[in-house]
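Quick notes on the structure that follows.
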Amino acid sequence: MTTAQANRRALLLLAAGSVVGILLGVAVAWYERDATTGALPDGAIALVNGRPIREEDYARAVALVERDKRTEVTDEDRARVLDRLIEEELLIQRGIAIGLVDANRAVRKAITQAMLASSVAESVSVRPSEDELRTFYVENPSLFARSAEVADGQVAVERQSMGIPTFEDIREQVEAAYLQRSRDDALREYLEWLRDEAKIALAPEVRP
């Protein structure tokens, strides 16, 4: 092989290597783009260790920033909001990983309260109709007789002699009692479902 042929072969190998490198680079870039954007589940704005940050949570946080600023939200604001949500998720995941949920009573109480609120939120999301309130009022007379005594302690004897207040007089109390009953029923139903789905073992001395 002459020197010219050797140089020509070297140039061809170099060119082929460059093309392969470019193609590999494009493939890696495409894979990474697909891995970071195409893998997101529906309704997610980001994934943190496989856990989604929901678009609705992100939108709610952006809306809070906009309300506080009272001006148009910038791209920098949105990026900062997303960073905070990611950091929040990282802290929660770390807290779970180190057993904070199991060991810290304050954390357990906060989670319990949040779960209780979440479990009953749907039950009171729809306001009761007038017919529902009137039916509840008629079916629970003793409940409202007691509330009338408490509300007007100084004239309790006089109010009792008059009987149960009319629906129109205590409509707000009726609605409050109705919603409380709905919350209680929803919570009891939810806790019973959790028990049915769980595996609970009791020590012999506390078994029924």
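Derivation of every value follows stated rules applied to the coordinates shown; laboratory data play no part. Remember, predicted model here, so these are calculated numbers, not experimental data. Neighbour counts are summed over all protein chains in view; Cβ atoms, including those assigned to glycine, are modelled from backbone coordinates with ideal geometry.
Under 5 Å from the amide H of Ile45 lie the amide H atoms of Ile53, Arg54, Glu55, each residue being 5 or more positions distant or on a separate chain, with H modelled from the backbone and absent for Pro and chain starts.
Across the stretch 192-197, coupling constants 3J(HN,Hα) worked out from phi with the 6.51/-1.76/1.60 Karplus curve, θ = phi - 60°, read 5, 5, 4, 5, 5, 7 Hz, and Gly and Pro carry x.
Do any GluC sites (Glu not before Pro) in the stretch 47-117 lie in a loop, going by DSSP, with at most 15 other beta-carbon atoms within 10 Å of their beta carbon, and if so which?
Sites meeting the loop and neighbour criteria: Glu72.
The phi-based Karplus calculation (6.51 cos²θ - 1.76 cosθ + 1.60; θ = phi - 60°) puts the 3J(HN,Hα) values of the stretch 64-80 at 5, 5, 4, 5, 5, 6, 6, 9, 5, 6, 8, 4, 5, 4, 5, 5, 5 Hz, whole numbers, x for Gly and Pro.
Full extension from Leu202 to Arg105: what is 0.36 nm times the residue separation minus their Cα-Cα distance, to one decimal in nm? Could the numbers behind the result be given before it?
Working: separation 97, 0.36 × 97 = 34.92 nm, distance 2.20 nm.
Going from the current span to full extension adds 32.7 nm.
Between Glu88 and Ser142, the simple label model (points 7 Å from Cα in the Cβ direction) yields a spacing of 4.6 nm. In whole angstrom, how far apart do the alpha carbon centroids of the stretch 62-118 and the stretch 171-205 sit? Using only Cα atoms to place each centre, the spacing works out to 27 Å.
Rounded to the nearest 0.05, what FRET efficiency do Leu187 and Arg134 have when you use their Cβ-Cβ distance and R0 = 25 Å? Mind showing how you got there, number by number?
Values: r = 25 Å, r/R0 = 0.99.
With R0 = 25 Å, the Cβ-Cβ based efficiency is 0.50.
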